[in-house]
Amino acid sequence: MGLIKPISISLSPNIEKDDIWLALKLLFCPWKWKKGGAIEELENEFKKYLGVKHAFAFNSGRTCLMAILKSLDLEQGTEVLLQAFTCNAAVNPVIWSGLKPVYVDCDENTFNIDIEDLNRKITEKSRVVMVQHTFGIPAEIIRENNLILIEDCAHALGAERNGQKVGSFGKAGFFSFSRDKVISSVYGGMVVTNDDELARKIKEYRDSIKPPSLFWIKQQLLHPIFMSLILPSYRIKGKYVLVLFQWLHFMSKAVHWKEKQGKKPSYFPKKMPNALALLALNQFKKLERFNKHRQEIANFYFENLRNLGFELPKIPENTKPVFLRFPVKHLNAHDIIKKAWSKNLLIGDWYTSLVAPDDTDLGKVGYKFGSCPKAEKLSKQTLNLPTHINISLNQAQKVIDCVKPGLTQN
């Protein structure tokens with residue numbers, strides 16, 4: 001393909017010029033890093049957008065989930081049911097809160113939780129079910145049991161079911177603003193709820209924790225700046241520069257090595273710093289444009305991948321997905337991913353392990369092989385394609401052209 005700059009699904013895909021300039025300006029305004037009005041403004045924007053009563057910003061989706069779980073006053077060892085085919089960022093806060101993750105299988109058509117398997121795995125110790133809207137495809141909302149419903153909306157800001165935004169169905173919901181989510185501030189997240197008592201406890205929890213260090217905030221501000229410089233030469237030397245900058249701690253990693261072992265890094269839990277709230281606000285203003293673009297790219301994939309041997313996602317009725325990534329299934333998924341990466345087309349390998357990233361120690365995060373056979377099958381047959389704002393229709397066609405020859409050779 002001869003690409004120098006990669007077509008990538010990650011590597012801070014939402015970055016535009018205004019985001020880079022904002023980060024650069026903030027870098028020279030350290031008095032704005034920890035405190036300021038942007039945090040409350042971002043919370044208010046979320047309340048209006050989702051139509052919820054309460055919103056609380058934190059430094060990550062992990063901290064958001066910890067805040068919810070801690071505020072529910074659950075007994076140690078209480079079971080939290082959540083789907084396999086997920087990320088360790090969704091599992092670790094359960095472990096860090098002294099609770100037990102119980103993995104539920106997932107539906108092979110939507111990549112979301114399997115309701116029948118959920119019902120089989122409920123025990124007298126089960127108190128919470130966490131529903132993940134995988135890849136931005138709205139999951140079925142569970143009402144038939146007495147479990148507390150938490151919505152994991154990390155992939156799904158703007159998605160809807162029956163005309164209602166996800167995040168507003170359960171006892172609480174949380175969103176992520178990580179570097180490759182629907183909107184990005186490198187790190188960051190939001191808890192939302194309509195429950196007044198839970199909101200009071202979440203506020204108390206937030207007041208009890210500290211903001212991240214100035215050094216950590218500086219790392220995140222440098223991220224969009226450095227990525228804009230690294231990406232153009234990624235294939236030649238950029239990826240080595242990225243590794244060097246992370247090793248020198250100029251930039252943070254998306255997932256700390258401790259998290260792959262079920263351990264907690266020191267920067268969780270923390271408050272949302274004002275500087276990252278400003279980055280998130282800038283992205284939030286572009287949300288509708290971002291999601292409209294994602295839908296256009298998804299429609300293009302639906303139209304052009306239909307007869308190429310891929311199995312395409314099934315979208316539930318009365319839902320509006322946002323397609324953070326476009327997932328497809330193929331028997332040779334892992335080979336297709338490797339081939340694309342060799343051509344500098346960095347398509348997605350999320351969930352090539354039951355709990356991503358693929359070097360997560362599954363035993364340390366409580367997964368037992370054989371407990372979720374559908375998810376195990378999906379992890380061998382799923383890849384995901386870019387839909388973000390920096391992917392054009394022309395580049396989407398290059399994605400298709402790259403994966404297509406690999407299908408005819410098998």
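Readers should treat all values here as calculations from the given coordinates under stated rules, not as data from a laboratory. These figures come from a predicted structure and were not determined experimentally. Virtual Cβ from ideal backbone geometry, glycine too; neighbours counted across all protein chains shown.
Numbers for the structure displayed
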quantity	calculated
Dipole of region 30-208, positive direction: furthest Cα of ILE141, TYR187, GLY173, with charges on the beta-carbon	TYR187
Highest-MSF residue in the chain out of HIS223, HIS155, HIS249 [GNM, Cα springs under 10 Å]	HIS249
Estimated inter-spin distance, GLN246 and LEU214, nm [label 7 Å along Cα→Cβ]	2.7 nm
For ALA356, residues with placed amide H under 5 Å, excluding near neighbours	THR86, CYS87, ASN88, TYR351
Whole-Hz couplings from phi, Karplus 6.51/-1.76/1.60, listed for region 168-177; x for Gly and Pro	10, 8, x, 4, 7, x, 9, 10, 10, 10
Ascending count of other beta-carbon atoms within 10 Å, so fewest first, for LEU248, LEU214, LEU118	LEU248, LEU214, LEU118
Considering only the chain, percent of DSSP beta bridges that pair antiparallel, nearest 5	50 percent
Built amide H within the under 5 Å cut-off of ALA172, gap 5+	GLU151
Relative exposure of CYS29, CYS64, CYS87, judged by other C-beta atoms within 10 Å (fewest first)	CYS29, CYS87, CYS64
Leading residue at positive end of dipole, the chain (Cβ point charges), from ASN282, GLY309, VAL91	ASN282
For VAL104, residues with placed amide H under 5 Å, excluding near neighbours	LEU82, GLN83, ALA84
Lys, Arg +1 and Asp, Glu -1 on Cβ, resulting dipole of the chain about Cα centre, debye, nearest 20	1360 debye
Over the chain, relative contact order from alpha-carbon pairs under 8 Å, at least 6 apart, %	26 percent
Global form of region 69-199, assessed from the alpha-carbon gyration tensor, a/c cut-off 1.5	rounded
Total formal charge among the other residues, if their Cβ is under 9 angstrom from that of SER10, Lys/Arg +1 and Asp/Glu -1	0
Rel. contact order, % - alpha carbon contacts under 8 angstrom, at least six apart, region 282-365	19 percent
For region 30-208, size of Cβ-based charge dipole, Lys and Arg +1, Asp and Glu -1, in debye	760 debye
Region 349-410: radius of gyration and largest Cα-Cα distance (Dmax), Å	15.5, 42
Integer Hz, Karplus 6.51/-1.76/1.60 couplings in order for region 257-266, x for Gly and Pro	4, 4, 5, 6, 10, x, 9, 9, x, 6
Karplus (6.51, -1.76, 1.60) ³J(HN,Hα), θ = phi - 60°, over region 138-149, in Hz, Gly and Pro reported as x	x, 7, 5, 8, 9, 10, 7, 10, 9, 7, 6, 9
Kyte-Doolittle mean at least -1.0, axial Cα span of 30 Å or more - DSSP H helices of the chain	none
Region 13-61 and region 201-277: distance between their alpha carbon centers, rounded to Å	15 Å
Chymotrypsin sites (Phe, Trp or Tyr not before Pro), loop per DSSP, at most 11 other Cβ atoms within 10 Å - longest free stretch of the chain	29-368
Listed residue pairs exceeding 28 Å between alpha carbons, taken from LYS125/LYS264; LYS218/LYS343; LYS35/LYS201; LYS48/LYS258; LYS314/LYS338; LYS210/LYS260	LYS218/LYS343; LYS48/LYS258
Relative contact order (percent, whole number), region 226-327, Cα cutoff 8 Å, 6+ residue spacing	15 percent
Calculated FRET efficiency for the pair TRP31/HIS334, C-beta based, R₀ 41 Å, to 0.05	0.25
Sequence of ASP358, ASP107 once ranked by neighbouring C-beta atoms within 10 Å, starting from the fewest	ASP358, ASP107
